[in-house]
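> Sending over a structure as structure tokens; questions will come in a sec.
The values are calculated or read from the model by the stated rules, or taken from the named source; none is laboratory data. Model, not experiment: these values are computed from the prediction. Keep in mind that these areas ignore ligands, DNA and RNA; they rest on the heavy atoms of the full protein, side chains included. Shrake-Rupley method; radii C 1.70, N 1.55, O 1.52, S 1.80 Å.
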Amino acid sequence: MSAFWELGDVDAFTTGTVGRPGQRVFYVQVRSDGRRITVKCEKQQVGALAEYLQRLLEDLPAPTDLPMQASLELIGPEPPDFVAGPMGLGYDSDLDRFVILLEEAVLVEISDDADEAEAEIEIDDEAPDGARLRCHLTRGQARAFCDLAESVVSAGRPPCLFCGLPIDPDGHPCPRMN
């Protein structure tokens, strides 16, 4: 049986990174009633979650309950409880809460017999399900997460003026500057 966390209202829903630009590891962290669940994510997952939350927030009244900035700091993110796979997001209008579902990335076998165009995925019914986390956010927590996620995602390596690829701190081999 895999882990399943149902947290209801949370104390903090935040994101952050560990490492230097170009080698950062992204995390989403949820804290509620003294419990802390940390999920390792891809940069694109953090950005997509924030973007979708932002679109939903545009259709709702502006939040008045923004969390304090200090509550958005990651607390000891390593090791993560699981690595994020599928993510779900909804809005419960009765509770005036966003519902976030994060599921663990689970490996499945792809048959070696099939070519790439006809690859078959073999699902093992005996394999354990991945971990899942479901929590509820206020509009203020969602707004704070969006603002922080935008800042964290954009804080990476600057793009090259000529090719648009990210520039490492040690430079980069620009294909346009042969």
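> Beyond 20 Å, what percent of the Cα pairs of the chain remain?
60
> Pop out the ³J(HN,Hα) list for segment 86-103 in order, Karplus 6.51 cos²θ - 1.76 cosθ + 1.60 with θ = phi - 60°, rounded to Hz; leave Gly and Pro as x.
Per residue, the Karplus-derived 3J(HN,Hα) values read x, 10, x, 8, x, 10, 9, 5, 5, 8, 6, 9, 7, 10, 10, 10, 10, 10 Hz.
> If you roll a 1.4 angstrom probe over the protein chains with everything in place, what fraction of the accessible area of the chain belongs to carbon and sulfur, to the nearest %?
Carbon with sulfur: 49 percent of the solvent-accessible area.
> From the backbone phi of segment 33-48, what are the Karplus-calculated ³J(HN,Hα) couplings (6.51 cos²θ - 1.76 cosθ + 1.60, θ = phi - 60°) in whole Hz, Gly and Pro given as x?
6, x, 9, 9, 10, 10, 10, 6, 10, 8, 4, 5, 5, 4, x, 5
> Right, next: Taking only protein heavy atoms and a 1.4 Å probe, what accessible area per residue, in Å², does the chain have with all protein chains in place?
63
> Could you tell me which of rounded, prolate or oblate describes segment 19-70, using a ≥ b ≥ c as the square roots of the eigenvalues of the alpha-carbon gyration tensor, with rounded for a/c under 1.5 and, failing that, prolate when a/b is larger than b/c and oblate otherwise?
oblate
> Express in whole angstrom the spacing between the alpha-carbon centres of segment 84-107 and segment 17-41.
Here the answer is 17 Å between Cα centres.
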